[in-house]
Amino acid sequence: MNTPFRTPPHSTTTDGAPRTVGVEVEFANLDAPSAAAVVRSLYGGALEPESPHRCRVTGTRLGDFSVELDMRSAHPGKAEAGKTEESEAGPLGKVVGKAVDGVVEALRPWWGNIGSLVMPFEIAAPPIPIARLAELEPLFAALSDQGAAGTDASPLFAFGLHLNPQVARTDGDYVLDHLKAFLLLAPWLRREIRVDPTRRLTGFIAAFPVDYAVRVVDPAYRPDLDGLIGDYLEANPTRNRELDLFPLFAHLAPETMAAKLSDPHVRPRPTFHYRLPNARLGDPDWSLAQDWNRWVAVEELAADRDRLDALGVDFRAFAARKALDGWAAEAGRRLAV
């Protein structure tokens with residue numbers, strides 16, 4: 001039975017445009033050209049190989065897709081950010097640099113072949129209107145049919161499904177309410193998703209510190225946007241969180257983020273970057289809709305200030321009693337009411 005996609009409380013932006021969602025899925029056992037061919041077979045468009053480990057599918061009915069090995073050093077142009085400018089290197093530096101670059105480029109496909117044994121390939125879909133998310137569901141089944149392996153296929157596969165819902169508003173209260181809601185529901189989300197042990201060990205989706213969560217869910221915690229960003233960065237000096245707000249903060253406050261953060265992986269985007277779900281390709285009981293609907297539960301809680309504050313008070317009480325191990329069940333019970 002197909003799981004229907006739920007609609008969040010705010011389905012449009014402040015200018016009335018439909019909100020969009022970017023979807024990224026990681027997998028193994030299927031190379032970039034083969035995965036790109038699956039995308040083209042479903043959505044049309046033109047397949048454009050860029051390297052042995054990266055392809056684009058442009059002009060599809062949903063927009064432009066990218067398919068690549070999730071390994072920066074395997075791709076021309078992706079590992080260039082830290083290089084010294086030629087103007088700063090001097091004549092000898094230019095000669096040596098060009099020689100090294102030639103060797104690196106010659107080895108890049110070989111390095112990618114080795115990396116593909118342990119690193120995932122990733123399909124990044126274009127931003128898609130929420131009302132059309134169901135059109136992505138066949139992609140997951142088709143990838144599985146072609147042999148793509150997901151998180152459960154090996155203890156080494158720490159593969160994720162990332163959702164990037166566009167924000168409906170950009171004011172501090174809206175962002176803060178969604179962070180509060182996520183912190184309150186994160187234990188329940190981890191339980192429902194059954195986050196893969198290997199993914200937990202990698203640290204890429206680390207939970208927020210408990211003391212930070214206790215502080216933020218307090219109904220009295222109402223900083224402005226600058227205060228929210230400052231507190232967040234102080235407690236979370238890393239993008240490796242279940243809900244990564246660095247891209248959103250870089251969009252909302254680029255100067256503040258640039259002054260405090262230097263990370264080429266952070267791209268400013270007006271989206272939440274939700275990284276928690278597993279990529280369970282090959283599991284007939286899994287669907288994109290399931291994980292999207294769990295995210296919608298976060299948005300529903302964020303839109304209900306009374307319920308948000310009530311759960312915040314209770315979460316803090318559980319934390320004070322050192323009883324947060326029971327919070328996932330309590331949060332699930334409260335959601336069901």
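The values are calculated or read from the model by the stated rules, or taken from the named source; none is laboratory data. Keep in mind that what you see is a predicted model, and the values were worked out from it rather than measured. Neighbour counts run over all protein chains shown; Cβ positions are idealised from the backbone, glycine included. For the accessible areas, the whole protein counts, side chains as well, though only heavy atoms, and no ligand, DNA or RNA atoms are used. Shrake-Rupley method; radii C 1.70, N 1.55, O 1.52, S 1.80 Å.
Numerical summary
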{"item": "Helices (runs of 4 or more DSSP H) wholly inside the stretch 225-337 that include at least 2 residues being modelled with pLDDT of 95 or more and of a type in the set (A, V, I, L, M)", "result": "225-235, 246-252, 288-302, 305-320, 327-336"}
{"item": "Boolean, Gly312 is touching a residue at least 40 places away in the same chain (Cβ under 8 Å), open to solvent by less than 30 Å² (accessible area, probe 1.4 Å) and of a type outside the set (Lys, Arg)", "result": "yes"}
{"item": "Candidates Asp283, Asp211, Asp218, Asp226 - the one that is among the acidic types (Asp, Glu) and either in contact with a Phe, Trp or Tyr (Cβ under 7 Å, 6 or more places away or on another chain) or within 20 Å of Ala158 (Cα to Cα) (or both)", "result": "Asp283"}
{"item": "Candidate set from the stretch 178-223 (those that are out of contact with any strand residue (DSSP E or B) (no Cβ under 9 Å at 6 or more places or on another chain) and among the basic types (Lys, Arg)); member that is surrounded by the fewest Cβ atoms within 10 Å (Cβ to Cβ)", "result": "Arg222"}
{"item": "Near pairs, Cβ below 8 angstrom, 6+ apart or cross-chain, from the stretch 198-219 (under 21 Å from Leu324 (Cα atoms) and part of a helix (DSSP H, G or I)) to any residue that is open to solvent by 20 Å² or more (accessible area, probe 1.4 Å) and aromatic (Phe, Trp, Tyr)", "result": "Arg215/Tyr221"}
{"item": "Subset of the stretch 136-177 that is open to solvent by 50 Å² or more (accessible area, probe 1.4 Å) and assigned to a helix (DSSP H, G or I) - its residue that is nearest to Leu233 (Cα to Cα)", "result": "Asp173"}
{"item": "The stretch 201-237: number of residues that are of a type in the set (Phe, Trp, Tyr), within 19 Å of the chain's Cα centre (by Cα) and under 22 Å from Val313 (Cα atoms)", "result": "2"}
{"item": "Flag for Arg307 being basic (Lys, Arg) and in contact with a Ser or Thr (Cβ under 9 Å, 6 or more places away or on another chain)", "result": "no"}
{"item": "Single match in Leu276, Leu252 (criterion: touching a helix residue (DSSP H, G or I) at 6+ places or on another chain (Cβ under 8 Å), within 20 Å of Val167 (Cα to Cα) and open to solvent by 20 Å² or more (accessible area, probe 1.4 Å))", "result": "Leu252"}
{"item": "Residue within the stretch 50-66 that is surrounded by 18 or more Cβ atoms within 10 Å (Cβ to Cβ), of a type in the set (Val, Ile, Thr) and in contact with a helix residue (DSSP H, G or I) (Cβ under 8 Å, 6 or more places away or on another chain) present", "result": "yes"}
